[in-house]
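J.: Once you've had a glance at the structure underneath, I'll fire off some questions.
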Amino acid sequence: MISYLKGIVAGIQTISGNRVVLTLEVNGLGYDLQIPQRLAQQLPDSGGVAQIFTHFQIRDEVPLLYGFASPAERDLFRQLLTVSGIGAALAIALLDTLELPDLVQAIIAANTQVLIQAPGVGKKTAERICLELKSKLIEWRKSAGFFVATGGPAPGILEEVQMTLFALGYTAHEVSHALHVVSEDIGLPKDAYVEDWIKQAIAHLSSSEVGQ
């Protein structure tokens with residue numbers, strides 16, 4: 001119905017927990033859009049111009065608009081809504097927890113340990129997402145114009161490394177990025193010892209914290 005809106009950022013507010021609402025002024029009309037927190041951090045200050053890709057939904061006879069940074073992010077949101085038991089809140093939580101390529105990679109690889117880092121997503125829900133979307137996303141990612149990174153530990157090592165880093169308090173996004181860096185930039189072999197992956201990942205994450 002509405003593919004995108006381009007207008008002036010009139011305001012951003014967080015209501016009822018983590019729900020973020022952007023008010024975008026377009027030709028004198030103010031549109032309220034629910035958006036991921038990640039998008040809110042990327043938007044210009046009030047008065048700046050932004051283009052937001054939208055999804056229109058009617059829930060309990062109330063029209064709602066959801067906003068996203070790109071068509072691919074909106075399309076993945078729509079894919080997530082097709083999974084039984086997944087509503088808009090959980091779909092946005094997943095998009096907020098991981099960068100788009102990392103989220104697609106986790107679903108295709110059935111990496112439930114990463115998916116359950118999203119607020120409200122339990123193990124059974126994560127398994128259902130993987131089961132219902134894996135084959136769809138393998139095809140979709142090609143038409144979306146991006147490819148999932150293959151760097152990281154071998155599958156048998158990955159889960160143990162991730163669980164250790166999550167237990168240390170690192171987020172899913174930080175862990176995914178660190179493992180990609182260790183694989184691509186440092187060149188650690190996929191089948192290296194679990195301890196080596198953890199050591200190198202923590203070294204990278206610690207250096208990132210120092211640089212902030």
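J.: Using heavy-atom solvent-accessible surface (probe 1.4 Å) with all chains present, what is the largest-first order of 168, 43?
T.: On the way: 168 105, 43 25 Å².
Of 168, 43, the descending order of accessible area is 168, 43.
J.: A further question on this structure: Over the chain, average the accessible area per residue using a 1.4 Å probe and give it in Å², no decimals. Each step should come with its number before you reach the end.
T.: Details: 11130 Å² over 212 residues.
Ligands and nucleic acids excluded, the result is 52 Å² per residue.
J.: Kindly rank 126-137, 57-68 from highest to lowest mean number of other beta carbons found within 10 Å of each residue.
T.: So the peptides 126-137, 57-68, ranked by packing, come out 126-137, 57-68.
J.: From the P(r) of the chain, could you give the percentage of C-alpha pairs in the tail past 25 Å? Present the calculation step by step, with values, prior to reporting the outcome.
T.: Details: 9846 of 22366 pairs.
Percent of Cα pairs beyond 25 Å in the chain: 44.
J.: Suppose R0 equals 35 Å. What FRET efficiency, 1/(1 + (r/R0)^6) with r the Cβ-Cβ distance, do residue 26 and residue 203 give to the nearest 0.05? Write out the running numbers ahead of the final one.
T.: On the way: r = 47 Å, r/R0 = 1.35.
Efficiency at R0 = 35 Å is approximately 0.15.
J.: Please report, ordered by residue number, every helix of the chain (full DSSP H runs) that is 24 Å or longer along its axis going by C-alpha atoms and whose mean Kyte-Doolittle hydropathy reaches -0.5.
T.: Qualifying helices: 194-211.
J.: Largest first, how would 95, 188 line up by accessible area (1.4 Å probe)?
T.: Ranked list, largest accessible area first: 188, 95.
The values are calculated or read from the model by the stated rules, or taken from the named source; none is laboratory data. Just so we're clear, the structure is a prediction, and the values are computed from it rather than from any experiment. Please note: Cβ atoms are built from the backbone with ideal geometry, for glycine as well, and neighbour counts cover all protein chains shown. What goes into the accessible areas is simple: the full protein's heavy atoms, side chains included, and nothing from ligands, DNA or RNA. Shrake-Rupley method; radii C 1.70, N 1.55, O 1.52, S 1.80 Å.
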